[in-house]
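What follows is a set of notes on a single structure, which appears directly below.
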Ligand SMILES: Cc1cc2nc3c(=O)[nH]c(=O)nc-3n(C[C@H](O)[C@H](O)[C@H](O)COP(=O)(O)OP(=O)(O)OC[C@H]3O[C@@H](n4cnc5c(N)ncnc54)[C@H](O)[C@@H]3O)c2cc1C
């Protein structure tokens with residue numbers, strides 16, 4: 001029985017590698033760049049499946065291959081491709097899928113699972129198991145030879161056209177820097193000021209639910225029922241910080257809040273808080289950068 005970490009779209013797996021332990025193995029279902037970024041990962045075995053198709057199309061054969069390797073634990077970072085591959089592998093192993101895990105203990109074979117951001121449950125695997133975990137930076141350490149395995153992509157769908165990606169709020173969950181705006185923004189045209197700041201600090205912009213579902217200024221929103229944000233920097237501007245919102249952002253490394261109300265709950269989550277009118281604070285930050 002063995003543990004396999006699947007990496008497909010991101011090299012940010014150091015925390016997962018650490019949790020999995022040195023006996024774990026790494027399966028890279030990705031391009032040459034990803035394989036070379038991860039070639040120093042301190043694991044027992046590294047196998048690279050070169051891609052000729054979308055990563056998701058390798059899900060059935062990756063699952064079958066991992067079964068043949070005797071895998072009983074599948075770990076991956078919480079990104080779309082990894083999620084597709086890890087769930088398929090878990091199904092192939094006839095295992096249990098754990099959603100919303102925030103940590104994994106290899107020795108206990110147990111996971112910490114967030115319950116709506118309000119509590120953490122510990123669940124123990126009784127058999128084969130698969131889960132996705134928050135990502136973190138590129139690992140470095142001793143090098144392991146990278147083996148190459150060719151697997152067949154599923155023929156269920158075919159890539160018929162490729163176009164340059166259009167940035168959208170769906171990028172938020174994998175962005176390093178995110179600005180979240182709330183009802184402190186009075187009018188849609190004021191988002192220009194926020195977009196300008198976002199461009200300067202290379203951040204993506206998202207919003208609270210009222211700005212998406214109420215005003216319709218965004219097609220999705222950040223939070224527990226919206227998109228989670230696990231960024232290096234999350235900047236909440238004119239956001240009150242209700243649990244529905246903060247429960248989805250509190251895994252971010254640094255949270256900065258700008259709010260004119262000193263009692264706003266967001267300040268309880270923030271590493272840095274600026275009490276003031278965002279219409280003065282944001283231009284002041286912009287001018288200082
Ligand atoms: C079942 C359910 C699920 C939900 N899920 C989500 C979710 O996933 N994500 C989400 O975001 N919400 C969610 N909500 C809504 C959530 O409860 C809050 O209502 C929402 O997050 C509040 O959005 P807000 O902070 O933009 O607005 P408000 O709560 O109105 O806060 C606006 C803030 O802006 C500040 N402000 C105003 N003007 C200025 C200014 N000029 N300068 C500085 N600060 C200013 C105010 O002091 C205030 O704190 C959910 C609600 C329910 C019932």
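Rule-based calculations on the coordinates, nothing more; no lab input. Treat the numbers as computed from the prediction; the structure is a model and nothing was measured. Positions of Cβ are backbone-derived with ideal geometry, glycine not excepted, and every protein chain shown enters the neighbour counts.
Here are some notes:
- Of 178, 149, 229, the one that fluctuates the most in a GNM where the chain has Cα springs shorter than 10 Å: 149
- Crossing angle, helix 80-92 versus the chain [Cα axis fit, 0-90 degrees, rounded to tens]: 40
- Only Cα sites of the stretch 172-241 enter the Debye sum here, all with the same form factor; the resulting log10 I(q)/I(0) across q = 0.21, 0.23 1/Å is -0.83, -1.00, listed in q order.
- Least to most buried among 244, 48 (fewest other Cβ within 10 Å first): 244, 48
- The smallest convex shape that holds all Cα atoms of the stretch 162-289, its convex hull, gives 107 Å³ per residue.
- The chain: angle of helix 278-288 to the longest principal axis, Cα-based, in degrees nearest 10: 70
- Volume per residue of the convex hull around the Cα atoms, evaluated for the stretch 5-46, comes out as 54 Å³.
- The chain: equivalent-ellipsoid semi-axes (sqrt of 5 x gyration tensor eigenvalues, Cα, Å): 37, 21, 17
- Acute angle (nearest 10 degrees) that the helix 191-201 long axis makes with the longest principal axis of the chain, alpha-carbon atoms: 50
- Using only alpha carbons, the stretch 47-87 has a radius of gyration to Kirkwood radius ratio (Rg to Rh) of 0.94.
- Alpha-carbon centroid distance for the pair the stretch 250-280 / the stretch 8-73, whole angstrom: 38
- With Cα atoms as the point set, the stretch 70-132 shows a radius of gyration and Dmax of 11.2, 36 Å.
- Taking every alpha-carbon pair under 8 Å whose residues sit at least 6 apart, the stretch 178-220 reaches a relative contact order of 45 percent.
- Radius of gyration and Dmax over the Cα atoms of the stretch 32-155, both given in Å: 15.0, 44
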